[in-house]
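K.L.:
Got a structure here, written out as structure tokens. Questions coming.
The values are calculated or read from the model by the stated rules, or taken from the named source; none is laboratory data. Predicted, not measured: the structure shown is a model, and the values here were computed from it. Using ideal geometry, Cβ is built from the backbone for each residue, glycine included, and neighbour counts are taken over all protein chains shown. Please note that ligands, DNA and RNA were not included when accessible areas were found on the heavy atoms of the full protein model with its side chains. Shrake-Rupley method; radii C 1.70, N 1.55, O 1.52, S 1.80 Å.
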Amino acid sequence: MDIKYFEYFDAVARCGSINQAAQRVFASPQALSSSIAALENELGYKLFVRHHRGVVLTEAGKQVYDDLQTILPMVIKWFNLGQEQDA
């Protein structure tokens, strides 16, 4: 599982739109959509309900999003520690 999956998931959840989130994280909408689909596949459940106007979190997606607000900053910090040691 790639940390980008969670960063992209967070951006899409905040924006409510794959296109808007793509602009926010400087990635293509296709990359975000593929990453979200891969994350959903790995977790085994849907995180979003897709509509023509955007996306809405499922109940499971809401729980993941809530937990991610605590976990993601820590994980990013862990990755940055490794990069600092390599420098």
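K.L.:
Over the stretch 4-87, with every protein chain in place, what whole percent of the accessible area is carbon and sulfur at 1.4 Å, could you tell me?
P.N.:
On the way: 2920 of 5530 Å².
Ligands and nucleic acids excluded, carbon and sulfur give 53 percent.
K.L.:
Of Gly16, Gln83, Ala38, whose Cα points farthest to the positive end of the dipole of the chain (charges on the beta-carbon: +1 Lys, Arg; -1 Asp, Glu; origin at the Cα centre)?
P.N.:
Looking along the dipole axis, the top candidate is Gly16.
K.L.:
Would you mind finding the longest exposed-site-free stretch of the chain, with exposed chymotrypsin sites (Phe, Trp or Tyr not before Pro) meaning DSSP loop and at most 15 other Cβ atoms within 10 Å?
P.N.:
46-87
K.L.:
List the residues, sorted by chain then number, that are 5 or more residues from Thr58 or on another chain and whose placed amide H is less than 5 Å from its amide H.
P.N.:
Answer set, sorted by chain and number: Phe48, Val49.
K.L.:
Does the stretch 34-87 come out rounded, prolate or oblate, given a ≥ b ≥ c as the square roots of the eigenvalues of its C-alpha gyration tensor, rounded meaning a/c under 1.5 and, failing that, prolate meaning a/b above b/c?
P.N.:
Prolate.
K.L.:
Still on this structure, I have one more. Is it possible to state the helix-based mean residue ellipticity at 222 nm for the chain, with each DSSP H run of 4+ residues giving -39500 (n - 2.57), the sum divided by total residues, to the nearest 500 deg cm²/dmol? What is it? Numbers along the way, then the final one.
P.N.:
On the way: 4 runs with 64 residues, N = 87.
Rounded to the nearest 500, it is -24500 deg cm²/dmol.
K.L.:
Counting heavy atoms of the protein chains only and a 1.4 Å probe, report the per residue accessible area for the stretch 12-82 as a whole number of Å².
P.N.:
Counting only protein heavy atoms, the per-residue value for the stretch 12-82 is 65 Å².
K.L.:
So which GluC sites (Glu not before Pro) in the stretch 34-64 end up in coil per DSSP with only 13 or fewer other C-beta atoms within 10 Å?
P.N.:
none
K.L.:
If you don't mind, another one. On a 0 to 90° scale, report how tilted helix 29-43 is relative to the longest principal axis of the chain, with both axes built from alpha carbons and the result rounded to the nearest 10.
P.N.:
80
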